[in-house]
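Heads up: the structure comes next, in structure tokens.
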Amino acid sequence: MAGFVVSGTQVSYIGQNCREIPEHLGRDCGHFAKRLDLSFNLLRSLEGLSAFGSLEELILDSNLLGDDLVLPRLPHLHTLTLNKNQISDLENLLDHLAKVTPALEYLSLLGNVACPNELVSLEKDEEDYKRYRYFVLHKLPNLKFLDAQKVTRQEREEALVRGAFMKVVKPTASIGDDTASPESHPQYTPLPSASRELTSHRGILAKNRYFYCGRNSEGNRFIRDDQL
């Protein structure tokens, strides 16, 4: 089946322009999949994801997911990437993740309005991004990586003291027509383009603020335990 790739406990269904999770994915793979990659589709809903109760890693980059995003309870999920979607309500998302993904340690939201940096608006600066990180860590204190950057001890201390006061206000104006893709928004600046292959999702981390390397890098490929 085109675009449907299985490797051990890893399942990929990438770049198929699907608007919902195909029923056959859950039926055929939900019972064993630990990593699910649904990047580069047109998903607005995650209905059907409840079939994947054993997921540890979920990649949802470059879809059309918005503030009505609903995840089923995924008790084993430690990695979630939502880069380049249409999420603007940060607090609502974080409150939801705190309830349904208790084991979450790696989260990336680059390319969403909810993540205030130069990737979505030239009006945002480093201070905006710092405040965002403090607020996220206040809501999700167990995170080890946020947006491909390791969480530091100083950030944890700041989040503990000031995180509750760093709420990122949801934009009052619509970012565009719901039927349009994220790239159609005039303030949207995409992550660096690269050659994309269905089975190749390699990337690395670096110490600078925004560093992307490797095919399909979206700021969401985290280092392994043996690299720490």
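Coordinate-derived values only; no laboratory data. Just so you know, these numbers come straight off a predicted model, no measurement behind them.
Worth pointing out:
- Gyration tensor (alpha-carbon) shape descriptor, the range 1-54, a/c threshold 1.5: oblate
- Kirkwood radius, the range 1-124, all distinct C-alpha pairs, inverse of mean reciprocal distance: 14.6 Å.
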